[in-house]
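The values are calculated or read from the model by the stated rules, or taken from the named source; none is laboratory data. Values in this document were obtained by computation on a predicted structure and should not be read as measured data. Virtual Cβ from ideal backbone geometry, glycine too; neighbours counted across all protein chains shown.
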Amino acid sequence: MALKIFGAVPKWSKGAVCKTAIRRFESGPLLGLLAPIKIGSLCLLASSPVAAFEPLLASSAIAQGETLRILVDKVPEKAKVIAELDGKKIPFYPLSPGTQRALVGIGPNRAPQPTPLTIRWKRPFRPDRKKTLPLQVLAVSWPQSSIFMPPRKMGLLDDARRKQGRQRLAEVLKTETPQQNWTGKFLRPARGKIRSSFGKQRTLQTTGQERDWGQHRGVDIAAPKNTLVRASNRGQVIAAEPFVLEGRLIALNHGQGILSLYMHLAEFLVKPGEVVEKGAPIGRIGSEGFSTGSHLHWAIYVHGVPVNPLSWEKSEF
Ligand SMILES: [Zn+2]
């Protein structure tokens, strides 16, 4: 059984980088091992005989806000593979006969330090096998900005329905279905200028006061009201409803723990339960909710963790 780990190339990497970080280790007593590993701008290639499930290199790296792709091939029939990070179990799903894939979201605020990633093989009537790998999370120097919210919108912060909204959103983000609905890269859902990038550290300015407003969990695309919003990829509408801060929100389930969200909409063009194709119109841009102007907040979540949507536009996972 071989394991490959792919990390998206961070935007800020300089110089020659590997397009993928791959770690492979073969089962069996003396099988070869080939492991190009990306660590920032480094690409290493090594080959050596190893014992079963022994990784050759001690670390692999992934930047905050990126998506880690892990492939396991030569999976025996009826074996179940899971990854574990922070005690959270992340399922592998079949990609092709004998090959399974897991996608792991690395949040933008995840501590930039080595963190253990465990891969566990479960086989009927045989003991589990597991391997723990040190995953290095690389820090990104996120930009900072201040949001100047019009006073008339500040009342939304005190709206009692916010709590229900938070619970509802948490429920939506837990959606996990085994079928892969998406194909290839994700589309940018609207034409417009990116006004606020993913991961930005924000403060909220109001009448002389300043408060922390956390990191940006998506990308803001500024465009005139009623600009068409299209589905980033094929998926099922699992929410099309109003929220206090997020405004009219659509969530698409692309399967296998991958969701895309579209917020502050002026209008819905789809209903919950509908399956939409990549590029299909789903709504229109607005400035609903806690928003300073007409724009789309576009987000991608991997098993409930927000990741940079632009990486899904650039790379196939
Ligand atoms: Zn936003």
### Task
Please enumerate the residues belonging to the range 279-317 that are away from the ligand (no atom under 16 Å from the Cβ) and closer than 11 Å to LEU252 by Cα.
ILE282
## Note on the structure
Counted residues in the range 189-241 being within 25 Å of VAL172 (Cα to Cα), away from the ligand (no atom under 16 Å from the Cβ), among the small types (Gly, Ala, Ser) and not in a strand (DSSP E or B) come to 1
#### Entry: Which numbered condition ILE250 misses (of (1) in contact with a Lys or Arg (Cβ under 9 Å, 6 or more places away or on another chain); (2) part of a strand (DSSP E or B))
(1)
### Message
Residue under question is ALA223, and the condition is that it be within 26 Å of VAL305 (Cβ to Cβ) and of a type in the set (A, V, I, L, M, F, W, C); does it hold?
### Response
no
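Each row is one residue, and each column tells you yes or no for (1) surrounded by fewer than 23 Cβ atoms within 10 Å (Cβ to Cβ); (2) within 22 Å of the chain's Cα centre (by Cα).
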position: VAL219; (1), (2): no, yes
position: PRO242; (1), (2): yes, no
position: ILE250; (1), (2): no, yes
position: LEU261; (1), (2): no, yes
position: GLU267; (1), (2): yes, no
position: GLY273; (1), (2): yes, no
position: GLU277; (1), (2): yes, yes
position: SER294; (1), (2): yes, no
position: GLY304; (1), (2): yes, yes
### Task
Evaluate the following for GLN236: is it under 18 Å from the mean Cα position of the chain (by Cα) and polar (S, T, N, Q)?
yes
### Residues (in contact with a Leu (Cβ under 9 Å, 6 or more places away or on another chain), without any contact (Cβ under 8 Å) to a residue 40 or more places away in the chain and away from the ligand (no atom under 16 Å from the Cβ)) located in the range 250-268
LEU252
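Quick grid of which residues meet (1) of a type in the set (A, V, I, L, M, F, W, C); (2) closer than 28 Å to THR115 by Cβ; (3) assigned by TED's automatic domain parsing to the domain that holds TRP298:
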site	(1), (2), (3)
MET154	yes, no, yes
PRO178	no, yes, yes
GLY184	no, no, yes
GLN205	no, no, yes
VAL244	yes, no, yes
